[in-house]
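Single-structure report; data block below.
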Amino acid sequence: MERLQQLEPELLARRRATLRSVSITGAATTLAISLAILLLYASHDAGFYQAHRLLFQMTANPALGFAAAGGSLLALLHGRRRWSAALAAVPLLIGGLTLLEYLGVAIPIDQLLISDWPATTGPMPGRPPPNSATILLLSGGVVLLLLTARREATRRLALLLVPIAIVAVAIEALAGQVGQSAFAVGWWSGRPMSIPSALCALSLGAAMLAQGWQDETAVISRLPLWLPALGYFAIALFDVSTPLEVNAGLCYAPLVACALWFQRAYLSVALAAMATLLIVFGLFASPPGHIPFDVAVVNRSFAIAGVWLVAALVYAQHITRRDLRRCEHHFATAQSIASIGSFELHFSDMVLTGSSAFQALHGLPEDTTCDWATFLRTSIPLDERGTFDGMIAAAKAGQDARDLDYSYLRHDDDVHNAVMHVDLLLDSLGKPVGIIGVVHDVTALRRAEVQQADIEVQLRHAQKLESLGMFAGGIAHDLNNTLVPITTLAPLLMESSDPAGQQILEVMIGCAKRARDLVREMLAFSRKEEAAPEPIRLDQLVREAMTIIRAGIPTNIAVVDELAQVPPLLGSKGQIYQTILNLATNAAQAIGDRPGTITIGSSSEPGGAGDTANVRLFVADDGPGMDVATARRVFEPYFSTKPTAGGTGLGLAIVNKIVKSHGGTILVRSAPAKGTRFDLLFPAMPQQAAQG
């Protein structure tokens, strides 16, 4: 099947190339025949006339018209639109003026090009027969219509109707001339079309018809269109060769119904219009019979009415099909957007028929049916198949089926969730014969519910932390009030104490000051407003935090500092302090119960020309490390590598936010079994501001 689909464009391309060759050949043949006859006329040689009387049956005017028509079509096929329009005007004028002359309008074009023809050869009028003039008028008009029509439907209709009419008239003329029929069509003039004119018309009509089929993919890809075309020719020939009482026009009605084979509604109108033209043509071209002409007109009118009745029915059927296809497309699109699929299951053969959305949801091949057992085996997990068996058993017993919440497998082995709503199919006796239902894919909904539950847990935990921060702020206030007497009275006691007591008091005062600073940091952390930025010596801040870090880390973990003196940075002391503690705590948790080492260091990096220097702080551990995928997500909110009760997933997200708020960047380097290192880069204060 795939191979056929691949070959179809190639076959269509070959058919188009073949039809283009037919168009060029037909137009060139018309041009060659008519030019040869024009050259014979231009020679003024009576010997040619005596030797080639058959060629001279075509007079000069139609020869000129057919030459211009063939050249116009060739120019159109090669993209020469201006030349094509100019040449198409010639047969249009010759045909139109000739028909006006037949209608009684005095237009002296009878002796065009042959006014000085030798009289010894006999009279050679230039006026073509009326059917030849009509073909010239149609051929020039259709080329101009193709050049000027804006609607594609108009162009296609012209390329279907006009060439068929031209070919039909040409075939009738050839048949009449070859068979020496007294009823060869000459319309009201009694002059039939000559054989050279009929050959030119046949070549020209075939070229136009091939051009029309070349642009219509649906036509050239379906052979049955040739059948009604051949039928039209056969009926037309039969009609013009039988008396008026034989009403062959009714035979066109079944051929109009052939438009049902194609997807184009306008084909029914085109076939009906062509049948109408041929019926009217046959009315005047058929030999007289034994019935009056007005009775023949009534008979042909009934035939035309029957043709258009069939065309109306076919057109209505096309509209119904189009609406049905549109509804099916909208239904399939709606099911696809809503992730809903429908299905039917008949108990007689247990064959499951699903919509395209149902098949897409379960990863089944499109436009195929499968039995129920195959569906269960390929799409439903083993532990859930019993639920489906129970549902089928209940449905066969006539019990109303309940909604079924189940999991199913896709072709990629991914598990999805769905809800199945089913109803019973009953026969005329009310006996269940199957089920019909819809399946709604709720995978995204289930995942959203799980994610929402996780977010709610994390939010509750964050609220606990906020409450704890408020509680810590209250304790800090009380602790600050408790430290006030120590920091106030201890300096007074130093004046009356001995040296040993003064040393003790100095230790007490230093501890009280550190406790006071810690309280201030706790208060700054618990407040929602941002603390005022201040100059911070990063190496000094880390040394101050080392006591708390070592006190809060298990004894199996060593804390090593690699601190170098660095220039100050401008920021919040409490937030930087929080960042250091958070990174150290994460490193300790990563190492766990086994022996390990945490290294905290600082360094300065000079900037480029005119750039501010950077201050680097790094925290490294020799823990188990992380893979690349985990390292990319460590700064995402609520992402945690710890067990559910061990972390909130907010620590590193807060660290990242603090670093960015200080104009810095944070980098992580980690690999499994090689530990983890976080590097924080802060812009240092300009040297003038730091000195000031």
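The values are calculated or read from the model by the stated rules, or taken from the named source; none is laboratory data. All values reported here derive from a predicted model rather than from experimental measurement. Glycine gets a Cβ as well: all are built from the backbone with ideal geometry, and neighbour counts include every protein chain shown. Side chains included, ligands, DNA and RNA excluded: accessible areas come from the protein's heavy atoms. Shrake-Rupley method; radii C 1.70, N 1.55, O 1.52, S 1.80 Å.
Answer yes if at least one residue in region 343-351 is open to solvent by less than 30 Å² (accessible area, probe 1.4 Å), modelled with pLDDT of 80 or more and not in a helix (DSSP H, G or I), and no otherwise.
yes
Yes or no: region 143-152 includes at least one residue that is of a type in the set (Asp, Glu), closer than 22 Å to residue 99 by Cβ, part of a helix (DSSP H, G or I) and modelled with pLDDT under 70.
Scanning region 143-152, I find no residue that is of a type in the set (Asp, Glu), closer than 22 Å to residue 99 by Cβ, part of a helix (DSSP H, G or I) and modelled with pLDDT under 70, so the answer is no.
So which residues in region 249-300 are open to solvent by less than 60 Å² (accessible area, probe 1.4 Å), farther than 18 Å from residue 164 by Cα and polar (S, T, N, Q), if there are any at all?
Answer for region 249-300, where residues must be open to solvent by less than 60 Å² (accessible area, probe 1.4 Å), farther than 18 Å from residue 164 by Cα and polar (S, T, N, Q): 286, 299.
Condition test on residue 358, is it in a helix (DSSP H, G or I) and open to solvent by less than 60 Å² (accessible area, probe 1.4 Å)?
Yes: the conditions hold for residue 358.
Kindly indicate the residue of region 88-109 that is open to solvent by 50 Å² or more (accessible area, probe 1.4 Å) and closer than 21 Å to residue 166 by Cβ and also modelled with the lowest pLDDT among those meeting that condition.
In this case the residue turns out to be 100.
If residue 185 satisfies every condition in (1) part of a helix (DSSP H, G or I); (2) modelled with pLDDT under 75 but one, which is the exception?
Condition (1) is where residue 185 drops out.
Could you tell me whether residue 644 is at pLDDT below 85 and open to solvent by 50 Å² or more (accessible area, probe 1.4 Å)?
Considered against the rule, which asks whether it is at pLDDT below 85 and open to solvent by 50 Å² or more (accessible area, probe 1.4 Å), residue 644 comes out as yes.
Tell me, yes or no, whether region 291-303 has at least one residue that is under 26 Å from residue 419 (Cβ atoms) and not in a loop (DSSP other than H, G, I, E, B).
No, every residue in region 291-303 fails to be under 26 Å from residue 419 (Cβ atoms) and not in a loop (DSSP other than H, G, I, E, B).
Please verify whether region 55-71 includes one or more residues that are of a type outside the set (Phe, Trp, Tyr), outside any helix (DSSP H, G or I) and at pLDDT below 80.
Yes; the residues of region 55-71 include at least one that is of a type outside the set (Phe, Trp, Tyr), outside any helix (DSSP H, G or I) and at pLDDT below 80.
Only one of 320, 333 is open to solvent by 50 Å² or more (accessible area, probe 1.4 Å), out of contact with any helix residue (DSSP H, G or I) (no Cβ under 7 Å at 6 or more places or on another chain), farther than 30 Å from residue 252 by Cβ and part of a helix (DSSP H, G or I); which?
333
Suppose we filter 504, 557, 549 for residues that are modelled with pLDDT of 75 or more and in contact with a Gly (Cβ under 7 Å, 6 or more places away or on another chain); which single one remains?
557
In the list 653, 629, 590, 620, which residue meets the criterion of being at pLDDT 90 or above and either open to solvent by less than 40 Å² (accessible area, probe 1.4 Å) or part of a helix (DSSP H, G or I) (or both)?
Answer to the selection: 620.
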